[in-house]
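The values are calculated or read from the model by the stated rules, or taken from the named source; none is laboratory data. This structure is a prediction, so every number in the text was calculated from the model and none was measured. Neighbour counts are summed over all protein chains in view; Cβ atoms, including those assigned to glycine, are modelled from backbone coordinates with ideal geometry. Accessible surface is based on the protein model in full, side chains and every heavy atom, while ligands, DNA and RNA are left aside. Shrake-Rupley method; radii C 1.70, N 1.55, O 1.52, S 1.80 Å.
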Amino acid sequence: MKDDKFRDSIATVTEEGKRKWIYPKKPSGRYHNARVLVSILLLLFLVVVPFIKVNGRPWILFDLLSRNFIIFGLPFGPHDFFIFVLTMIAVIVFIFLFTAIFGRLFCGWVCPQTVFMEMVFRKIEYWIEGDAHKQKQLSLAPWTSKKIFKKGWKHSVFCALSFFIANILLAWVIGIDELLVIITDPPNQHLAGLFAILVFTGIFYWIFSYFREQACTIVCPYGRLQGVLLDPDSMVIAYDYKRGEPRGKLRKNEIQTGKGDCIDCYLCVDVCPTGIDIRNGIQLECVNCTACIDACDELMDKINKPRGLVSYASLNAIENKAKFRFTPRMILYIIVLSLLISLISFLVAARTDFSINILRTSGLLYQEQPGEMISNLYDINIVNKTFNEANISLKLENVNGEIKIIGSDIFLEPQGINESKFMVMIPKDQIVRMNTPIEIGIYSDDKLITRVNSSFMGPVK
């Protein structure tokens with residue numbers, strides 16, 4: 001189809017190995033409008049969610065330092081690590097499946113890097129400095145008062161936005177209430193939090209003002225995974241070379257003969273935020289942002305050609321006009337993902353607020369106590385999976401007797417663990433066999449949590 005020498009270099013580096021700055025033309029069109037709408041919804045979700053609370057707690061929280069998480073109002077802690085592992089495996093399988101079907105659609109529509117870069121920072125750049133050619137002229141121009149004002153104004157807005165993003169993301173980690181405390185208290189009372197905010201502000205500013213598309217082409221491993229995740233049936237942004245080739249410039253009043261629909265206008269290259277030529281084929285730098293589709297469709301309308309020269313399509317669809325089909329690999333991903341989701345759903349649905357284990361202390365028989373009483377010693381382990389404190393009490397439910405806690409009363413901190421010992425004492429005249437079944441009720445602030453069955457060892461008459 002074409003020479004693959006373009007794969008020997010990347011669009012953002014010159015032949016001398018220096019950084020080649022990308023000035024993408026302002027995109028427009030139906031796909032771009034749809035991406036703007038999706039980005040607005042995602043940004044609203046990012047900003048609004050930290051303010052949503054359920055029962056006084058954040059609706060969603062990712063407290064990585066304390067390993068406490070709240071997902072849609074449900075608390076999860078270190079004791080739920082197995083659910084976290086299964087969820088991560090499910091996410092990885094979903095990425096494999098989604099990429100095998102839709103390519104890097106996630107990168108162009110949902111990825112935070114793309115949303116912030118193209119829909120926030122790039123929009124501000126267009127607003128302050130103008131479209132691509134004006135930005136390039138301004139960068140090459142000498143440092144006049146106009147250039148200083150525009151560059152200073154742009155970077156000031158970038159810094160303010162980066163600071164805002166750092167604070168919002170911190171609210172997802174520590175909660176909006178704790179963030180407001182850090183903001184309102186004197187800075188010297190929260191030096192660690194202030195330092196973290198400033199560090200992340202600097203990182204975001206550097207990424208969106210300088211590093212930019214290189215985060216996708218150099219750092220992000222997702223583009224390199226395409227080589228093993230994509231196949232000829234995957235939907236990607238592709239150039240229909242059978243329809244477009246051979247390329248040829250279109251001149252006024254000229255009747256095209258022996259030429260393809262591509263008029264070599266380079267609009268698809270001009271609007272690309274990573275500077276590639278989509279006509280060269282699938283490339284790791286392509287983030288599926290659809291800017292090239294909109295640009296090409298707009299030109300096709302002007303020259304009275306059908307849209308779709310650049311479109312969402314699989315290589316099989318272009319080469320063989322084949323319809324989309326689920327490959328065996330896709331079906332396998334779907335089966336594995338369905339099993340994982342089913343298992344995770346069952347574990348979450350069966351999850352309780354407390355995890356309780358009661359075992360008779362090993363190596364000990366019964367003990368005779370004053371007043372014709374027989375006692376057994378038990379170990380109890382309780383995990384509090386809620387964010388509320390809990391005072392635990394124990395009661396015998398099916399036999400007469402009493403329970404004595406060894407040491408202090410059982411008290412659980414939020415997301416806390418307690419390991420204690422207690423003694424069950426039963427009158428000797430009620431013991432009729434060596435192992436007597438007993439039922440122990442566990443109560444939290446006089447509210448029954450659960451009942452645990454165990455056995456009580458005593459003397460045989």
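Within the range 290-297, is there a residue that is over 17 Å from ILE10 (Cβ atoms), assigned to a helix (DSSP H, G or I) and touching a His at 6+ places or on another chain (Cβ under 8 Å)? Checked the range 290-297: at least one residue is over 17 Å from ILE10 (Cβ atoms), assigned to a helix (DSSP H, G or I) and touching a His at 6+ places or on another chain (Cβ under 8 Å). So is ASP80 touching a residue at least 40 places away in the same chain (Cβ under 8 Å) and out of contact with any helix residue (DSSP H, G or I) (no Cβ under 7 Å at 6 or more places or on another chain) or not? When the stated conditions are applied, ASP80 passes them. Within the range 449-461, residues that are part of a loop (DSSP other than H, G, I, E, B) reach partners that are loosely packed, with under 13 Cβ neighbours inside 10 Å with beta carbons closer than 6 Å, at six or more positions or on different chains, in the pairs VAL460/MET434. Checking each residue of the range 398-410 against the condition of being within 18 Å of ILE358 (Cβ to Cβ), polar (S, T, N, Q) and in a strand (DSSP E or B) gives no match. Residues of the range 322-367 that are open to solvent by 50 Å² or more (accessible area, probe 1.4 Å), within 29 Å of GLN415 (Cβ to Cβ) and either of a type in the set (S, T, N, Q) or without any contact (Cβ under 8 Å) to a residue 12 or more places away in the chain (or both): SER342, SER345, PHE346, ALA349, ALA350, THR352, ASN357, SER362. Take the conditions (1) within 14 Å of MET373 (Cα to Cα); (2) part of a strand (DSSP E or B); (3) in contact (Cβ under 8 Å) with a residue 40 or more places away in the chain; ASP429 misses just one of them, which is (2).
Out of curiosity, is VAL120 in a helix (DSSP H, G or I), open to solvent by less than 60 Å² (accessible area, probe 1.4 Å) and under 30 Å from MET330 (Cβ atoms)? Spell out the reasoning first.
Values: in a helix (DSSP H, G or I): yes; open to solvent by less than 60 Å² (accessible area, probe 1.4 Å): yes; under 30 Å from MET330 (Cβ atoms): no.
Judged against the criteria, VAL120 is not a match.
Within the range 368-387, the presence of at least one residue that is of a type in the set (D, E, K, R) and surrounded by fewer than 13 Cβ atoms within 10 Å (Cβ to Cβ) is confirmed. For the range 414-421, does any single residue satisfy the condition of being open to solvent by less than 60 Å² (accessible area, probe 1.4 Å), aliphatic (A, V, I, L, M) and in a strand (DSSP E or B)? Within the range 414-421, none of the residues are open to solvent by less than 60 Å² (accessible area, probe 1.4 Å), aliphatic (A, V, I, L, M) and in a strand (DSSP E or B).
Here VAL115, VAL110 are screened, and the one residue that is within 30 Å of LEU64 (Cα to Cα), surrounded by 14 or more Cβ atoms within 10 Å (Cβ to Cβ) and of a type outside the set (S, T, N, Q) is VAL115. Set side by side, the residues LEU44, LEU65, LEU97 differ, and just one is at pLDDT below 90, hydrophobic (A, V, I, L, M, F, W, C) and farther than 21 Å from ARG351 by Cα, which is LEU65.
Per the conditions (1) open to solvent by 30 Å² or more (accessible area, probe 1.4 Å); (2) under 14 Å from the mean Cα position of the chain (by Cα), the sole criterion not satisfied by LEU86 is (2). The residues of the range 131-166 that are closer than 17 Å to GLN113 by Cα and either open to solvent by less than 90 Å² (accessible area, probe 1.4 Å) or among the aliphatic types (A, V, I, L, M) (or both), listed by number, are PHE158, CYS159, LEU161, SER162, ILE165, ALA166.
In the range 337-356 there is no residue that is at pLDDT 90 or above, in contact with a Pro (Cβ under 7 Å, 6 or more places away or on another chain) and not in a loop (DSSP other than H, G, I, E, B).
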